[in-house]
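Some notes on the structure that comes next.
Each value in this text was obtained by applying a stated rule to the coordinates, not by laboratory testing. None of these values were measured; they are calculated from a predicted model. Neighbour counts run over all protein chains shown; Cβ positions are idealised from the backbone, glycine included.
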Amino acid sequence: MSPMSKSLFLLLLFVFLSMELLSQTDLREGFIIDLENDTTFIQVEYRANKNNYVSCRINSNNNTQEYYPGEIKGYGFVEGRYYTSSILDSVFVEVLIDGYISLYRIDKVFYVKKNEELHKLESAKIRVEREGGVYTSEDKRWRGYLSYFISDCLENYGERIAEIDFHEKDITQLIRDYHICADKQFIEIKQGKEWVKTHIGANIGIISSNLSFGKVYNYRYLPKSFNSLSPIIGLSFIFYSPRIDERTALQTETNFFKSSFESFYEEGGFQPGQHRVFVDLVSLSIPVLFRYSIPFSKTNLNVNVGFVYNRYLSKKLVLKSSYWISNELVPIFDRQPFDMKNHATGLSGGLGVQRSIGKLNFNMALRYTYFRDLQPRSEIKSFYIDDNRWSILITIRKD
């Protein structure tokens, strides 16, 4: 098995094991409301997927019990989420606003209710035949339903509705403004949760880089692979929406490190000699990663998958060749042993463990990154340069 195949196999195994860990139950302080309107505070399983609309799982004395619509009126979490079974048959819907006009959500569909009148809001594309052609257009009925519900108070409601997108943020803001305009009481269930939150941290760690080469005679002085172990520093940026899904985030970084490689090759035959290769690469690495995490009592596990853009800020590639002449090793020339692209894009994945200590938050991540074909296209076709990287990064930020 080649080094690349081994690395990919380890990465796939690593991600599989991490997903097994992430599948563990996440219990949070919550409540259920039974059919008699009695509220019981208990640990409720937090699930960031469509299962929230299907059932509710609670944990009591280490025993799991599952409730379906019709068995309870609703359930929720103390930190700010509530699902009710009183709106639609055989399904829970998430309550976004409870008021004179109520707003609900189930997956990518919204419902608005006013004076016992309930309408479904969904965004879809429809085919329209016009002037002998078939075109795709937006189904604007959801805008019409909203206009119908808010037209008795908000000024310029038509312009406002024309400007909004079919997103929870825009529709929630519109319904909230209506209640303020109409001086009606309402409860915004997730009011305390931010729409967008950013975490900025400092990165420090080590990175192992393995440059591997396709062997051809023209590059016989090169080893099968180079290895380098270097320190790495940088900054980390995590963007996510606690309102929508606190487990899913976009993570990007700016990392700097220097890789140094050296090899020695002694050549025999008709013209014996020695060849030393020295390579110094200063890299700016910018990962853009999809991050999925799950909190436990004190520890947060996270999986990161995405791509990495790498820019070589400087490259020093030197081949020093010497040949035996009259029993004396004579330096002949210094030249560039091979050429490399100035930038490249690769794939990356890894697993991290996050924990807060005092006012600081620490995340330790093990990550694998793979770059293919770092050689310019003008190089010999059978010659290639790949880079397999393993890194351990510690990110520190304030809570």
Using the per-residue mean of other Cβ atoms lying within 10 Å as a proxy for protection, in what order, highest first, do the peptides 50-58, 31-39 fall?
50-58, 31-39
What is the Cα centroid distance between segment 148-177 and segment 78-113, reported in whole angstrom?
18
Along the Cα→Cβ direction, 7 angstrom out, place labels at Ser260 and Ile244. What is the inter-label distance in nm?
4.6
Expressed in nm to one decimal, what extension gain is obtained for the pair Ile180 and Leu360 from 0.36 nm per residue of sequence separation less their Cα-Cα distance?
60.9 nm
Taking 0.36 nm per intervening residue step and subtracting the Cα-Cα distance, what contour gain separates Asn327 from Glu117 on full extension?
65.6 nm
Under 4 °C and 1.567 mPa s, how fast does the chain diffuse according to Stokes-Einstein, given a Kirkwood radius computed over C-alpha pairs? Answer in µm²/s, whole number.
50
Multiply the residue separation of Leu317 and Asp139 by 0.36 nm, subtract the distance between their alpha-carbon atoms, and state the gained length in nm to one decimal.
58.1 nm
Hey, could you grab the Kirkwood Rh for segment 26-188? Inverse mean 1/r over distinct alpha carbon pairs, Å, one decimal.
17.5
Please state the relative contact order of the chain as a whole percent: Cα pairs under 8 Å, 6+ residues apart?
12
For the ranges 149-159, 275-285, what's the packing order if you count other beta-carbon atoms within 10 Å of each residue, average per peptide, and put the highest first?
275-285, 149-159
Using alpha-carbon positions, the gyration tensor of segment 195-398 gives root eigenvalues a ≥ b ≥ c; with a/c under 1.5 called rounded, otherwise prolate if a/b exceeds b/c, else oblate, the class is prolate
What helix-only [θ] at 222 nm does the chain give? Using -39500 (n - 2.57) per DSSP H run of at least 4, over all residues, to the nearest 500, the answer is -4000 deg cm²/dmol
Separation of the Asp373 and Gln43 label points, Cα + 7 Å toward Cβ, nm
5.2
Please compute one quarter of the surface area of the Cα convex hull for segment 126-177 and express it in square nanometres.
4.3
Using a Förster distance of 30 Å, how high is the FRET efficiency between Lys215 and Phe290, based on the Cβ-Cβ distance and rounded to 0.05?
0.25
Out of Phe270, Ile32, Phe333 - ranked by how far each Cα lies towards the positive end of the dipole of the chain, with unit charges on the beta-carbon of charged residues - the top one is Phe270
May I ask you to list the GluC sites (Glu not before Pro) in segment 63-125 that are in a DSSP loop and have at most 11 other Cβ atoms within 10 Å of their Cβ?
Glu116
